[in-house]
Amino acid sequence: MPKDEDFHFATRAAEKLIGDLGINALPIDPFAIASGRKIEIRPKPSSSAGVSGMLIRVGNFFAIGYATHIDNIPFQRFSISHELGHYFLPGHIDAVLGKSNVHESHAGFTSSNSYEVEADHFAAGFLMPSHLFLPILRRTGTGLAAIESLADACNTSLLATAIRVIDCTGDPMAIVVSTANKIDYCCMSDAFKEIEGITWLKKGQPVPRTSATFQLNLDSNKVQRGARTQGTANLQEWFSCDRNIEVTEDVVGLGSYGKTLTVLSDIELPDEEVEKEEEDLIESWTPRFRH
Ligand SMILES: [Zn+2]
């Protein structure tokens, strides 16, 4: 789960690499960049569950294996970019390979190991470098439709793209990943974190019963099929804050992954004066009893 600003250096290292290579068009081709370093890339089915790819050392040469059990090109591209992160980030080769010649990775923001998280942040900056990503983001805005057109342009998964949008946007916006009726994690944009009274969602917290997400998650077939729905939510339901703020709730099943992505966007923060007037009005209509 990406949350720590300490890892942004890995994103920036990838962006610098793409910039130094003079790449000015999307999608980024990890195969071409690896081949420029004489790194061979091969599909390699893994026997260990959850392994997304491998970095392999053969003498002075390196090779990358990527898992094929998930038949999903954006996921494979992210996995390869994660391995390139281990190759390019300072200290990674020694740390992840040590004396062995094979490192098995768990890419896709699923591991809490700091080298894995750094390699994931590298992959995000590598496939979605800000000098190419931001101009499109400015045109598309932030809802699920915007995430989908960015994912198309970058050939990245919806989830990795959504996380990158959260990282880059100046708008208040949050995404929530859930499984059945439980929240896995939530990522909030900087502008979202500044909304007064927002509480941080914790792993394992229930999905609000009134939400469109809860409805979609009731049917695991819909999640598997990648079904989608949209609703209007209130930040009160999700973040137990006392502010009455409406948001658009876009929900999409993430397929075989078994998880659901919720995008909370289109957040118009009410003018504080208007909010105060409403509070005063409610106050003036609240009956008082004298003892
Ligand atoms: Zn790894």
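What follows draws every value from the coordinates through simple rules; no lab data is involved. Every value quoted in this text rests on a predicted model; they were computed, and no experiment measured them. Neighbour counts run over all protein chains shown; Cβ positions are idealised from the backbone, glycine included.
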Using amide H atoms built 1.01 Å from N in the peptide plane, name the residues 5+ places from Ser52, or on other chains, whose amide H lies under 5 Å from its own. Ser105, His106, Ala107
To test your reading of the geometry: what angle, between 0 and 90 degrees and rounded to tens, separates the Cα axis of helix 272-285 from the longest principal axis of the chain? 40
What Kirkwood hydrodynamic radius, in Å, does the range 22-166 give when the mean of 1/r is taken over all pairs of distinct Cα atoms and then inverted? 15.5
At 25 °C and 0.890 mPa s, what whole-number value in µm²/s does Stokes-Einstein give for the translational diffusion of the chain, with Rh from the Kirkwood sum over Cα pairs? 120
Give the shape of the range 86-218 as rounded, prolate or oblate, defined through the alpha-carbon gyration tensor: a ≥ b ≥ c are the square roots of its eigenvalues, a/c under 1.5 means rounded, and otherwise the shape is prolate if a/b is larger than b/c and oblate if not. oblate
Between Gly50, Gly65, Gly22, find the one with the highest GNM mean-square fluctuation for the chain; connect C-alpha pairs within less than 10 Å. Gly22
Tilt of helix 130-140 relative to the longest C-alpha principal axis of the chain, in degrees (0 to 90, nearest 10)? 40
Counting pairs of alpha carbon atoms under 8 Å apart in space and at least six apart in sequence, what relative contact order in percent does the chain give? 14
Taking a ≥ b ≥ c as the square roots of the Cα gyration tensor eigenvalues, with a/c under 1.5 meaning rounded and otherwise prolate when a/b beats b/c or oblate if not, the range 170-271 comes out prolate
Of Lys38/Lys99; Lys44/Lys259; Lys16/Lys38; Lys99/Lys259, pairs whose Cα-Cα distance is over 29 Å: Lys99/Lys259
Have a look at Leu21, Leu137, Leu89 and tell me which one the Gaussian network model of the chain (Cα, springs below 10 Å) gives the largest fluctuation. Leu21
Which value, in nm² and rounded to one decimal, describes the direction-averaged projected area of the C-alpha convex hull of the range 201-240? 3.1
Among Ile245, Ala233, Pro270, the residue whose Cα sits farthest towards the positive end of the charge dipole of the range 170-271 (+1 at Cβ of Lys and Arg, -1 at Cβ of Asp and Glu, taken about the Cα centre) is Ala233
Put a dot 7 Å past each Cα toward the Cβ at Leu134 and Lys193; how far apart are the dots in nm? 1.8
Could you tell me the calculated FRET efficiency between Trp200 and Ser220, based on Cβ-Cβ distance and R0 = 30 angstrom, to the nearest 0.05? 0.65
Given R₀ = 41 Å, what would the calculated FRET efficiency be for Asp6 paired with Val58, taking r from the Cβ atoms and rounding to 0.05? 0.80
Least to most buried among Met54, Met128, by other C-beta atoms within 10 Å and fewest first, runs Met54, Met128
Tell me the relative contact order for the range 137-242 as a rounded percent, counting alpha carbon contacts under 8 Å between residues six or more apart. 19
Averaging sequence separations of C-alpha pairs under 8 Å and six or more residues apart, then dividing by the length of the range 5-130, give the relative contact order as a whole percent. 35
A correct Karplus calculation of ³J(HN,Hα) over the range 166-175, with 6.51 cos²θ - 1.76 cosθ + 1.60, θ = phi - 60°, whole Hz and x for Gly and Pro, returns 4, 5, 9, 6, x, 8, x, 6, 9, 10
Give the lysines whose C-alpha is closer than 17 Å to that of Lys193, dropping any in the same chain fewer than 8 places away, or say none. Lys3, Lys202
What is the calculated FRET efficiency for Arg243 to Asp29, with r their C-beta to C-beta distance and R₀ = 51 Å, to the nearest 0.05? 0.65
In degrees, nearest 10, range 0 to 90: what is the angle between the Cα axis of helix 73-88 and the longest Cα principal axis of the chain? 70
Of Asp29, Asp219, Asp171, the most mobile residue in a GNM of the chain (C-alpha springs, cutoff 10 Å) is Asp219
Does the range 128-199 classify as rounded, prolate or oblate by the C-alpha gyration tensor (a ≥ b ≥ c root eigenvalues; a/c under 1.5 gives rounded; else a/b over b/c gives prolate, otherwise oblate)? oblate
Counting other beta carbons within 10 Å of each residue's own, what order do Val207, Val51 fall into, fewest first? Val51, Val207
